[in-house]
Amino acid sequence: MKLKRYRSKRKYEPILPGPREWPVVQLSRNRKKFIKEVIDEAYERIKSNTRNKTALIEELETTLYKEKTRIRQTPWKVDPDDEYEFWAKVKHDLLEISQQKTKDEKKANEILYKIIERYAEEIAGNFNTSHYRFARGLATFGFNRLLNAARVKKLGGFWSNQLTMNDKIQINGEVEKLRELAKKGTVVIVPTHSSNLDSILIGWVIYTLGLPPVIYGAGLNLFNISIIAYFMNSLGAYKVDRRKKNMIYLETLKSYSALALKKGCQSLFFPGGTRSRDGRVEKDLKLGLLGTAIEAQRSNYQEHGDKAEKIFIVPVSLNYHFVLEAPSLIRQYLEKRGQERYYVENDEFSSSYKIITFLFKFFTKGSDISVSIGEPMDILGNKVNWEGESFDSTGKAISPKEYFIFQDQITVNKQRESEYTRMLADKIVEQYSIIARVFSSHLIAFTAFEMIKKRNKKLDLFSLLRLPDEDLVINFNEFRNTCLRIKNKIDDRVSEGRMSQAEHMNEDIDNIIQHGLLNLGMYHSKRPLIKTKEGDITTMDINLLYFYRNRLDGYGLEKYI
């Protein structure tokens, strides 16, 4: 598949005329009823997973243990004030049951229901149309003003309308097809994830493309940061707490997602589960929420047969020259991988002030962002045409409904649907590798790190990261020639439809290198790549260089160094 080099620089008309037609608004208006449905659905799912009262009590005890550990080891300010009291009451009630000769299943069911209620209330979003419009307008106005103040170098530039966010953020790929399919069914957008700013960015893209607001699966940790919490609440995000690993929470979360999709809510979640810690494009996806799309599609077929609304999966790649949180992300990755072999220093960000500072520097520095819309597919990863019809790898028209039929009936088969989810995840990863756009910063970071690595073949990763400064200098002519060689190989893959690259990559190699050096890690105090006074290339932070190098990992380009 060759990715279209289409670039959107205009705002589209909404595909639905107004808020009354937005599914997310309908969901919000009936919020209490919907939460009750989520609770009941999750309760039935969990009861089916715990076939007897002994298994249920064991699950409740496991949940209690994990939650007490979470409260003690990883508390967040966004956590409810009554966390300790709630779980202390659960502990008291479970102790009462354990002291009975005959275990009280009714009491255990009541404890289960209360826990699900608590989780469902925490997870549930609360979309507000007026807040959504205000947040959307504030973000657009503020970002446009910053952009003009930075680019229009004259008095009054702050109030100029010469430049807009469309000049800053490039939207590429299957834009028109996405809009058309959003009219015909329910769209699930699955982006790559590298920054806490991704949710705000993709929200702006959805608005620009004229799509109705979607429900977000946003990390609960984002709500620790007040400015992001405001936007997330206004956009109707539902909260995902990655600290909670117990089955009761996970089933409640999946019930929320599946029921929202059944009701036609366009949805968005990051299938990588969390930000990419090492800078790579995701390859191992979390299957939980992804599986809810398959579950919702099967349920729609059960209820509506051939008239069931289809669910479409749309991979999206968010492409940056630099990532605000890169120093802390790569540190976390190296700490986990290297354990005692890697020394960790504190360099975390967690405040609205730092994010506002980042936004200001981002706009004044002038670095661009690219959003690549991938090829839409059905819930089994099959290609779909503009009418939403599915086709297998040979081009034969197929009906996804047939994949759920056993002995002439649509049936529930968890093992079968788990396999379908893995198939879908593989197709999404395949799309990511094609639509992730190569920037000049990615090229020079990859080339520099691999050149250092090649001349130190006997060293492992952590030994490389400890090399002295004098061993990190690269002769510029050698660097230039290697960049050109890698660039030519990327060009070949782009022409074959196996990769995608930004427009600035069509410049000559000297301009590409200059552009990359200007943009790579521009916000960081220690730049990943710089020119020395002698005109050679070196790094101020090889850990960051490794992070940005990883964006081109997996394409087999190392052999051309």
### Task
Output the number of residues of region 178-227 satisfying the condition of being in a helix (DSSP H, G or I), hydroxyl-bearing (Ser, Thr, Tyr) and more than 13 Å from the chain's Cα centre (by Cα).
3
### Message
Looking only at residues that are touching a helix residue (DSSP H, G or I) at 6+ places or on another chain (Cβ under 6 Å) and of a type in the set (A, V, I, L, M, F, W, C) in region 267-292, which one is surrounded by the fewest Cβ atoms within 10 Å (Cβ to Cβ)?
### Response
Leu287
### Query
Within region 363-396, restricting attention to residues that are among the small types (Gly, Ala, Ser), part of a strand (DSSP E or B) and modelled with pLDDT of 95 or more, which residue is farthest from Ile435 (Cα to Cα)?
Ser390
### Query
Where residues in region 1-25 are closer than 19 Å to Phe134 by Cβ and at pLDDT below 80, which of them is surrounded by the fewest Cβ atoms within 10 Å (Cβ to Cβ)?
Gly18
### Message
Can you find a residue that is loosely packed, with under 13 Cβ neighbours inside 10 Å, among the acidic types (Asp, Glu) and part of a helix (DSSP H, G or I) anywhere in region 490-500?
### Response
yes
### Query
Taking helices (runs of 4 or more DSSP H) that do not extend beyond region 50-133, which have at least 1 residues that are of a type outside the set (Asp, Glu), over 26 Å from the mean Cα position of the chain (by Cα) and within 30 Å of Gln26 (Cα to Cα)?
105-123
### Query
Under 8 Å by Cβ, and 6 or more places apart or on different chains, what pairs join a residue from region 440-459 that is in contact (Cβ under 8 Å) with a residue 24 or more places away in the chain with one that is of a type in the set (Asp, Glu) and in a helix (DSSP H, G or I)?
Glu450/Glu558; Met451/Glu478; Ile452/Asp471
### Task
For region 286-299, enumerate the residues that are assigned to a loop (DSSP other than H, G, I, E, B) and either of a type in the set (Phe, Trp, Tyr) or under 20 Å from Pro400 (Cβ atoms) (or both).
Leu287
### Message
Based on this model, can you work out whether Ile530 counts as surrounded by 19 or more Cβ atoms within 10 Å (Cβ to Cβ), in contact with a helix residue (DSSP H, G or I) (Cβ under 9 Å, 6 or more places away or on another chain) and among the hydrophobic types (A, V, I, L, M, F, W, C)?
### Response
no
## Note on the structure
Selection from region 228-249 of residues within 18 Å of the chain's Cα centre (by Cα) and outside any loop (DSSP other than H, G, I, E, B) yields Ile228, Ala229, Phe231, Met232, Asn233, Tyr238, Lys239, Val240
#### Entry: Selection from region 467-489 of residues that are more than 18 Å from Leu529 (Cβ to Cβ) and exposed (fewer than 13 other Cβ atoms within 10 Å of the Cβ)
Asn488
### Summary
Checked region 514-546 for anything outside any loop (DSSP other than H, G, I, E, B) and touching a Phe, Trp or Tyr at 6+ places or on another chain (Cβ under 8 Å); matches are Gly516, Asn519, Lys531, Ile537, Ile542, Leu545, Tyr546
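The values are calculated or read from the model by the stated rules, or taken from the named source; none is laboratory data. Worth saying up front: this structure is predicted, and the values here are computed from it rather than measured. So basically every Cβ, Gly included, is an ideal-geometry build from the backbone, and we count neighbours across all protein chains shown.
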